[in-house]
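Here the structure is laid out as structure tokens; the discussion comes afterwards.
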Amino acid sequence: MRELVDAHTHTELCGHATGSVSDLVRAACARGVSTLGITEHYPLSPAFDPNGDSAMPASELPSYLEAIERARVEHPGIEILAGCEFDWLGEADDRGIEPADLERFELVCASVHFIGTWPIDHPDLSMERWEVRGEADGIWRDYFSLWCDAAACTRLPFHVMCHPDLVKKFGIYPSFRVDALYDDAVDAVLASDRMIETNASGTFCPCAEVYPAPDLLKRFASAGVPCTVGSDAHCPENVGRGISEALRSMYAAGYRTVTVPTRDGDRREVELA
């Protein structure tokens, strides 16, 4: 690949990361990143974020976007996308989200981290349920049902469906074959013409592989689903981390280009070498 793209990063505003917008951009410039998506977690209500450590406070949204604009002026050599990662909460969502709430962002990444108000990937809050014998089957089905609902939703302006199989984070798998879940995920994305991402962060989690898994990534590739790439960095030091491995996974799955979101809401393709 001729350039380094990182379309998924976070700042200290979410409460579980470090570094400012400026810190992320400086790190990206130092590593030769050409396009940087800053995708802070969109605000949640206290029902989902009682400790204020899962998402950006709503009060910080204006200053967050202003910081990105300043960074653009200071670093004209890098394309910076003002984005967010939006948690799809299904019927449990209590925020009353309208399309206009998300249209201020140039890159909207949708993801699933919660089943009801239970955070499936929080190492301090989720393991008790994960460790119950037989729970994994229901968790996997519920997760993919929510993810597919988000992927198929055309009311909200999502651009990318993030880490499609985040549910595997702790390396706990269901007792059944997951082929049908994978097929549903592919169909849902095709219905809305959205991108997915190859997310490098899974490599550094107990599951020890990128999101999505090789078989799921191959299905997306075979179906012609466009795919971007991101580190999911939660500190400046991790900007660009694992991107090379993620791109190799994409190539092995059948992709020959990586899709890069642009500030105007369009996409461009960069060849995978």
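Every read-out reported here was derived from the displayed coordinates using simple, explicitly stated rules and does not represent laboratory data. Please read these numbers as outputs of a predicted model, since none were measured by experiment. Glycine gets a Cβ as well: all are built from the backbone with ideal geometry, and neighbour counts include every protein chain shown.
Taking every alpha-carbon pair under 8 Å whose residues sit at least 6 apart, segment 32-110 reaches a relative contact order of 40 percent.
Scanning the chain for long hydrophobic helices, with DSSP H runs required to stretch 18 angstrom or more by C-alpha along their axis and to average at least 0.0 on the Kyte-Doolittle scale, returns 179-192. Of the trypsin sites (Lys or Arg not before Pro) in segment 230-273, the ones in a loop by DSSP (not H, G, I, E or B) with at most 15 other beta carbons within 10 Å are Arg256, Arg263.
Using only side-chain charges placed at the Cβ, +1 for Lys and Arg and -1 for Asp and Glu, the dipole size of the chain relative to its Cα centre rounds to 840 debye. Of the residues Cys29, Ser63, Val108, the one whose Cα sits farthest toward the positive end of the charge dipole of the chain, with +1 on the Cβ of Lys and Arg and -1 on the Cβ of Asp and Glu, is Cys29. How many angstrom lie between the C-alpha centres of segment 149-219 and segment 224-273? That distance is 15 Å. Each of Asp53 and Leu156 was given a label point 7 Å from its Cα along the Cα-to-Cβ line. The distance between the two points is 2.5 nm. Helices in the chain, meaning DSSP H runs of at least 4 residues, each add -39500 (n - 2.57). Divided by all residues, the mean residue ellipticity at 222 nm is -9500 deg cm²/dmol. Restriction of the trypsin sites (Lys or Arg not before Pro) in segment 149-218 to DSSP coil positions whose beta-carbon has at most 13 other beta-carbons within 10 angstrom yields Arg155, Arg177. How charged is the neighbourhood of Ser201? Take every other residue with its Cβ under 10 Å from the Cβ of Ser201, and add Lys/Arg as +1 and Asp/Glu as -1. Charge balance in the 10 Å sphere: +1. A value for mean projected area of the Cα convex hull in nm² was derived from the coordinates, and within the list (i) 15.7; (ii) 19.9; (iii) 12.9 it appears as (iii). The trypsin sites (Lys or Arg not before Pro) of segment 44-128 that DSSP puts in a loop, and whose beta carbon has at most 14 other beta carbons within 10 Å, are Arg104.
Computed extension gain for Ser22 through Asp137, at 0.36 nm per residue and net of the alpha carbon distance, reaches 37.2 nm.
Computed extension gain for Ser175 through Glu245, at 0.36 nm per residue and net of the alpha carbon distance, reaches 22.3 nm.
Note: relative contact order over segment 4-271, using C-alpha pairs below 8 Å and six or more positions apart, is 21 percent. You can think of it this way: the chain between Ser145 and Trp118 has 8.2 nm of extra reach, that is 0.36 nm per residue less the Cα-Cα gap. Shape class for segment 77-219, computed from the alpha carbon gyration tensor (a ≥ b ≥ c): prolate, with a/c not under 1.5 and a/b above b/c.
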